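Student: Let me give you the structure first, and then I'll get to my questions.
What follows draws every value from the coordinates through simple rules; no lab data is involved. This structure is a prediction, so every number in the text was calculated from the model and none was measured. Note that each Cβ is placed from the backbone with ideal geometry, even for glycine, and that neighbours are counted across all protein chains shown.
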Amino acid sequence: MFGLEGGDVVLSSSSRDGDYLPEDDDDETTLERITALSEMFPESVRKGTAKTIEFMVKGVKKAYSWGRTGTWFFFSTAIITIAPVLLEVEKYQMEEMQKMQQRQMLLGPNVARS
Amino acid sequence: MGMNISRCEADPTILPPPPPPPGQGGGSLNEPPQQQETYVSEKLKNNPGSYEELHKKCKELFPLPFEGAKVMINKSLNQGFHISHSITMSSITPSGYRFGSTYISAGMVSPQDPAFVLIADIDPSANLNAQGIVNYNENLRFKYASQIMNSKFASTQLTADYRGREWTATGTIVNPNIFNNTGIGVVQFLQAITPKITVGAEIMLQKSPQIPGGRTTMLSLCGRYTGDESVWSGFAGTGGLGLCYYRRLNEEIQIGFEIENSIVQQQTNVALGYQFDLPKANFSMKAMVDNNWTVTGVLEKRLLPMPFMLSLCGSLNHVKSQFRLGCGFTVGV
């Protein structure tokens with residue numbers, strides 16, 4: 001039998017296909033492998049992306065908050081200052097139309113509106 | 001409403017002149033007879049009016065907010081004698097009852113000026129506001145106003161007003177006290193340079209031991225330009241600056257804009273308001289937005305065929321997030 005000497009490579013039986021790489025056997029969880037993907041990008045790109053996303057999230061929150069305040073301001077102000085006018089004008093026009101209709105019914109359709 | 005800084009109100013040591021009693025005040029549906037422009041005498045048709053009324057067209061558009069419930073009953077006992085009972089119920093201003101009366105003399109010195117007018121209102125604690133207006137002839141008018149609070153004269157005011165062809169001169173004394181040598185005197189002069197342009201000046205002298213130096217003087221100039229449908233008016237003086245703009249958009253809507261700056265109170269107020277009238281529907285509405293982020297709206301509606309008038313007032317302060325609702329009901333004219 002021939003003996004093992006230092007420097008000899010022992011091939012185990014799992015190496016059926018030829019592209020077996022010794023690094024595949026390291027103890028690594030999937031999470032660590034995904035985290036390590038971040039090393040694909042340089043530091044400045046990573047930081048820039050993080051800041052942009054943070055900024056966008058904050059921006060959306062602020063925009064929603066301003067939108068709420070603005071909408072509230074606009075509608076409450078409109079209710080106090082304009083709503084009574086619009087409602088009364090509409091009511092008045094409805095009454096005028098009813099009066100016209102009644103006059104038409106009583107006196108016929110060709111009476112000029114006084 | 002826009003801040004109404006009259007010289008007498010600027011000083012904290014004196015009380016403002018008595019407010020108009022409830023029978024005479026009121027919205028656009030309640031114009032008292034002497035303010036309507038029915039007849040203007042030939043001699044006085046170029047007269048610019050009085051100094052207090054210079055900014056009136058613009059300030060009239062701004063609503064006066066009120067809070068709580070107010071019921072007022074107006075009765076005419078006679079042709080010249082009107083009385084009013086008013087009850088206010090509110091948690092912010094003290095609730096109470098006020099009795100007001102107005103007497104307009106039957107004798108007239110000119111087709112629109114009665115010989116004298118007496119207006120007063122009083123409440124059960126004997127707090128009285130009284131005003132007397134005597135029209136000597138169509139040019140000269142005297143006014144006396146006083147306020148009694150807690151059994152003491154809180155303020156007295158005596159005014160004399162002369163209207164010439166194209167000018168008006170007014171002299172006023174407020175709270176004169178010969179013994180302490182205190183009081184306020186105001187002299188105002190208003191001249192109509194052209195039928196459209198009016199300028200005026202006012203000097204106020206105040207003597208009081210609380211003022212450093214014993215006395216203080218304030219000078220103020222004012223001007224008004226009346227266009228076809230708009231009125232610009234402004235004032236500038238040691239008390240502050242102000243500018244008012246009024247415009248009538250159509251027969252229903254009038255708008256007004258006002259900027260007022262006061263040096264004494266160290267603040268500036270800006271207000272924008274409008275008034276909407278629909279007399280055929282017996283409806284009138286005034287609304288205003290302020291620089292303090294306060295929105296006020298006052299609505300008045302006559303409920304015919306009975307002589308009732310309903311008024312609603314809402315005032316929302318966005319900054320403090322405070323809303324006040326007022327509701328008033330008036331019976332009688």
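Student: Can you check what the net charge comes to around residue B:330, using other residues whose Cβ is under 13 Å from the Cβ of residue B:330 (Lys, Arg +1; Asp, Glu -1)?
Tutor: The answer is +3.
Student: Compute the distance in nm between two label points, each set 7 Å from the Cα along the Cα-to-Cβ direction, one at residue B:93 and one at residue B:136.
Tutor: 3.6
Student: Straight distance only, please: which lysines reach the Cα of residue A:91 with their own Cα at less than 20 Å, same-chain residues fewer than 8 apart left out?
Tutor: A:99, B:280, B:286, B:301
Student: Can you give the local net charge around residue B:286? Use residues other than it whose beta-carbon is closer than 10 angstrom to its beta-carbon, Lys and Arg +1, Asp and Glu -1.
Tutor: Charge balance near residue B:286 sits at -3.
Student: Using 1/(1 + (r/R0)^6) with R0 = 25 angstrom and r between the beta carbons of residue A:50 and residue A:28, what's the FRET efficiency to the nearest 0.05?
Tutor: 0.55
Student: Among B:152/B:207; B:59/B:143; A:62/B:59, which pairs are too far apart, with a Cα-Cα distance over 27 Å?
Tutor: Over 27 Å apart, Cα to Cα: A:62/B:59.
Student: Nearest 0.05, what FRET efficiency do residue B:162 and residue B:194 give at R0 = 22 Å with Cβ-Cβ as r?
Tutor: 0.55
Student: I've got another one for you. Please state the relative contact order of chain B as a whole percent: Cα pairs under 8 Å, 6+ residues apart?
Tutor: 15
Student: Further question: Could you work out, for the stretch B:44-331, what percent of all Cα-Cα pairs fall into each 5 Å distance bin, beginning at 0 Å and stopping at the bin that holds the largest distance?
Tutor: 1, 5, 9, 11, 14, 16, 19, 16, 8, 2, 1, 0, 0
Student: Let me see the P(r) profile for the stretch A:43-107: every Cα-Cα distance counted, bins of 10 Å, each bin given as a percent of all pairs.
Tutor: Percent of pairs per bin, in order: 17, 19, 16, 15, 12, 10, 7, 4, 1.
Student: OK, next. Per-residue HN-Hα couplings for the stretch B:282-289, Karplus 6.51 cos²θ - 1.76 cosθ + 1.60 at θ = phi - 60°, whole Hz, x for Gly and Pro?
Tutor: Once θ is set to phi - 60°, the couplings for the stretch B:282-289 become 6, 10, 8, 9, 10, 9, 7, 10 Hz.
Student: Taking the alpha-carbon distance from residue A:47 and a cut-off under 21 Å, which lysines remain once sequence neighbours fewer than 8 residues away in the same chain are dropped?
Tutor: Straight-distance partners of residue A:47: A:58.
Student: Further, regarding this structure: In debye to the nearest 20, how big a dipole does chain B give about its Cα centre with +1 on each Lys and Arg Cβ and -1 on each Asp and Glu Cβ?
Tutor: Dipole about the Cα centre, nearest 20: 300 debye.
Student: With unit charges on the beta carbon (Lys/Arg positive, Asp/Glu negative), name the residue among B:66, B:120, B:235 whose Cα is farthest towards the positive pole of the charge dipole of chain B.
Tutor: B:120
Student: Can I ask one more? What is the calculated FRET efficiency for residue A:92 to residue A:68, with r their C-beta to C-beta distance and R₀ = 35 Å, to the nearest 0.05?
Tutor: It comes to 0.50.
Student: Could I ask something else about it? In deg cm²/dmol and to the nearest 500, what is the mean residue ellipticity at 222 nm of chain B if only DSSP H runs of at least 4 residues count, each as -39500 (n - 2.57), divided by the residue total?
Tutor: -500 deg cm²/dmol
Student: Could you list the square roots of 5 times each eigenvalue of the Cα gyration tensor of the stretch B:38-145, that is, the equivalent ellipsoid semi-axes, sorted largest first and rounded to whole Å?
Tutor: 30, 19, 13
Student: Which Rg and Dmax, in Å, describe the Cα atoms of the stretch B:211-333?
Tutor: When restricted to the Cα atoms of the stretch B:211-333, Rg and Dmax are 18.7, 62 Å.
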